[in-house]
1. Leaving ligands and nucleic acids out of the surface, order 102, 20 by accessible area at 1.4 Å, largest first.
2. Which of 31, 66, 7 sits farthest toward the positive end of the charge dipole of the range 1-108, with +1 on the Cβ of Lys and Arg and -1 on the Cβ of Asp and Glu?
3. If each DSSP helix of 4+ residues adds -39,500 (n - 2.57) and the sum is divided by the residues in the chain, what number results at 222 nm, nearest 500 deg cm²/dmol?
4. Mind checking the dipole of the chain: about its Cα centre, +1 per Lys or Arg Cβ, -1 per Asp or Glu Cβ, Debye to the nearest 20?
5. Within the set 60/229; 195/241; 17/159; 17/76, which residue pairs have Cα atoms separated by over 32 Å?
6. Could you please report the charge total around residue 17, scoring K, R as +1 and D, E as -1 over all other residues with beta-carbon less than 11 angstrom from its beta-carbon?
7. Compute, for residue 285, the solvent-accessible surface of its heavy atoms (probe 1.4 Å) with the complete set of protein chains present, and express it in square angstrom to the nearest 10.
8. If I model a spin label as a point 7 Å beyond the Cα along the Cα-Cβ vector, how far apart are those points for residue 91 and residue 167 in nm?
Amino acid sequence: MKKIIVIGSSNVDMVVKISHLPAPGETILGGEFLMNQGGKGANQAVAVERLGGNLIFMAKLGDDILGRQSVAYFKKEGIDTRYITLNENSASGVALISVDDHAENSIVVASGTNMLLNEQDVDKVVEEMCEGDILLMQLEIPLQTVEYAARKAFEKGVKVVLNPAPARNLPKELLRYLYMITPNRIEAEMLTGIKITHDADAEGVAEEIRAMGVKNVIITLGSKGCFIKEDGVSYRVDAFKVEPVDTTAAGDTFNGALCVGLAEGMDLKQAALMASKASAIAVTRMGAQSSIPCREEL
């Protein structure tokens, strides 16, 4: 199987389950507290590993109790930690997450060492890249690092998949290196300036993104599934109907599973169906990485 190289963030998630998300100045008592491994990069890496992908994961953690616990956790998951480094001058990333009774969440991230992942770190993993491999990235590390890694991978014939989250504006040069981009509704609107108010709007948004130079576009639409524009051909993949508990890692599970499917030789529609099922399972459980299913559950 082709390698899936995930370069991205790793955080410790501190999660409080509450009745509703607080308004400014409001204090809510009676919440349930959980502490989990998280970070979009780490979530996606764990999804790739549990779903049977040939994973290489690069991240930067603090040389602190949270960072060392994270490394031990990754080893327990079977993840190769060669490219996970500890930095003694900065704290590990932390995310404060509130989840309400409707499975909606509010997240604040202190990025810490994630923002120290740089071009020199990327150079260490470039030699692992071979034509046909997949590079999966997100936006919780410096944008300059993302663009550099995308260019290096593109030059080697690696398929670059970008999950553009958290939402932000992206340089046009980066978009030209991408094999595929996987924004949600908000991220797609930020990229194009076009609001998605009806299902038909997704077609125009996807075409606009494709005109920027991206070969394939998947817009994830939550309970409405996803809209796919593949080499100019458009189609939808419906979501699996479940009762959600926590949506925190649903998108990360989708992206990890999608890349596993592609690496196994599935066509994009087959891979998206597997990814939709994996993310549907994830939202029925509490906690980021603890919610991610293994391959036997699909």
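The values are calculated or read from the model by the stated rules, or taken from the named source; none is laboratory data. Worth saying up front: this structure is predicted, and the values here are computed from it rather than measured. So basically every Cβ, Gly included, is an ideal-geometry build from the backbone, and we count neighbours across all protein chains shown. Only protein heavy atoms, including side chains, enter the accessible area calculation; ligands, DNA and RNA are left aside. Shrake-Rupley method; radii C 1.70, N 1.55, O 1.52, S 1.80 Å.
1. Details: 102 140, 20 80 Å².
If we order 102, 20 from most to least accessible, we get 102, 20.
2. Positive-end residue among those listed: 7.
3. Values: 9 runs with 98 residues, N = 298.
Taking each H run of at least 4 residues, the total per residue is -10000 deg cm²/dmol.
4. On the way: 30 positive and 40 negative charges, 86 e Å.
Roughly 420 debye, rounded to the nearest 20.
5. Numbers: 60/229 34 Å; 195/241 25 Å; 17/159 38 Å; 17/76 27 Å.
Beyond 32 Å: 60/229; 17/159.
6. For residues surrounding residue 17, the net value is -4.
7. 70 Å²
8. Simple spin-label model gives 2.8 nm for this pair.
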